[in-house]
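The values are calculated or read from the model by the stated rules, or taken from the named source; none is laboratory data. Here the structure is a predicted model, which is why all the values come from computation and not from measurement. Please note: Cβ atoms are built from the backbone with ideal geometry, for glycine as well, and neighbour counts cover all protein chains shown. The area values use the complete protein model at the heavy-atom level, side chains included, leaving out ligands, DNA and RNA. Shrake-Rupley method; radii C 1.70, N 1.55, O 1.52, S 1.80 Å.
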Amino acid sequence: MIKSWMIIGAITFVVMIGSFFITPRDIKWFANLTRPRWLVFEPLIPIIWTVIFICGAASANIVWQKNPGSLITWLLMGLYLLLEIITVTYIPIMLRFRSLRRGEIIGSVGVILGVLLTISVLPISPLAAGLLVPYLLWSPIGAYTTDELVKLNPQDA
């Protein structure tokens, strides 16, 4: 029998990896942007996001286990999926349009959805809500970093 964590993990993995296939070839544009001097952790960003996605999948599994198959649970699973899709579209949209502002907008939408999801799952499971805290902490850092990139590269805003 297939376990819920397997399905949730597989969907999380497919969406996360799928973003690599839709990334446009405008990576050179992004690589040539002026970066803030304090952005020394950039090579760690893929690892950080991997940990965040694992925490999100664990959170979703906990919520599913609390009331599997209920309408509320399905709606929350949809919100988890929407949050992940919004998160992974940040780079493809920013690169496709060569627009830091569009990336900033996508990042801000992710922060708002992350807060709404965390508030929604808190009554169901404080642990599931706690597993979303890494997203809530990291997403504003990403939004701030993008805002700093806009300031340093106004021609690419």
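Tell me which residues, restricted to the stretch 37-70, are open to solvent by 40 Å² or more (accessible area, probe 1.4 Å) and not hydrophobic (A, V, I, L, M, F, W, C).
If the condition is that a residue be open to solvent by 40 Å² or more (accessible area, probe 1.4 Å) and not hydrophobic (A, V, I, L, M, F, W, C), then ARG37, GLU42, PRO43, PRO46, THR50, GLN65, LYS66, ASN67, PRO68, GLY69 are the ones that fit.
Just need a number here: residues in the stretch 87-142 that are modelled with pLDDT of 90 or more and acidic (Asp, Glu).
Counting residues in the stretch 87-142 that are modelled with pLDDT of 90 or more and acidic (Asp, Glu) gives 0.
Quick check, is LEU76 aliphatic (A, V, I, L, M) and either assigned to a loop (DSSP other than H, G, I, E, B) or over 25 Å from ILE17 (Cβ atoms) (or both)?
no
Matching residues to (1) in contact with a helix residue (DSSP H, G or I) (Cβ under 6 Å, 6 or more places away or on another chain); (2) under 18 Å from THR145 (Cα atoms); (3) in contact (Cβ under 8 Å) with a residue 40 or more places away in the chain:
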site: ILE2; (1), (2), (3): no, no, no
site: VAL40; (1), (2), (3): no, yes, no
site: ASN67; (1), (2), (3): yes, no, yes
site: LEU100; (1), (2), (3): yes, yes, yes
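Determine, yes or no, whether LEU44 is assigned to a loop (DSSP other than H, G, I, E, B), closer than 23 Å to LYS151 by Cβ and of a type in the set (A, V, I, L, M, F, W, C).
no
It is to be established whether one or more residues within the stretch 99-107 are open to solvent by 50 Å² or more (accessible area, probe 1.4 Å) and of a type in the set (A, V, I, L, M, F, W, C).
Among the residues of the stretch 99-107, at least one is open to solvent by 50 Å² or more (accessible area, probe 1.4 Å) and of a type in the set (A, V, I, L, M, F, W, C), which makes the answer yes.
Which of the residues spanning the stretch 62-101 are within 18 Å of ILE7 (Cα to Cα) and within 17 Å of the chain's Cα centre (by Cα)?
LEU76, MET77, GLY78, LEU79, TYR80, LEU81, LEU82, LEU83, GLU84, ILE85, listed by residue number.
Of THR89, THR73, THR34, which residue is farther than 17 Å from ILE8 by Cα, surrounded by 15 or more Cβ atoms within 10 Å (Cβ to Cβ) and of a type in the set (Val, Ile, Thr)?
Just a single option satisfies the conditions, and that option is THR89.
Among LEU82, LEU117, LEU131, LEU95, which is the only one that is touching a helix residue (DSSP H, G or I) at 6+ places or on another chain (Cβ under 7 Å), on the phi < 0 side of the Ramachandran plot and open to solvent by 50 Å² or more (accessible area, probe 1.4 Å)?
Selected residue: LEU82, the only one of LEU82, LEU117, LEU131, LEU95 that is touching a helix residue (DSSP H, G or I) at 6+ places or on another chain (Cβ under 7 Å), on the phi < 0 side of the Ramachandran plot and open to solvent by 50 Å² or more (accessible area, probe 1.4 Å).
Report those helices (runs of 4 or more DSSP H) wholly inside the stretch 86-157 carrying at least 1 residues which are of a type in the set (Phe, Trp, Tyr).
The qualifying helices (runs of 4 or more DSSP H) are 90-97, 133-152.
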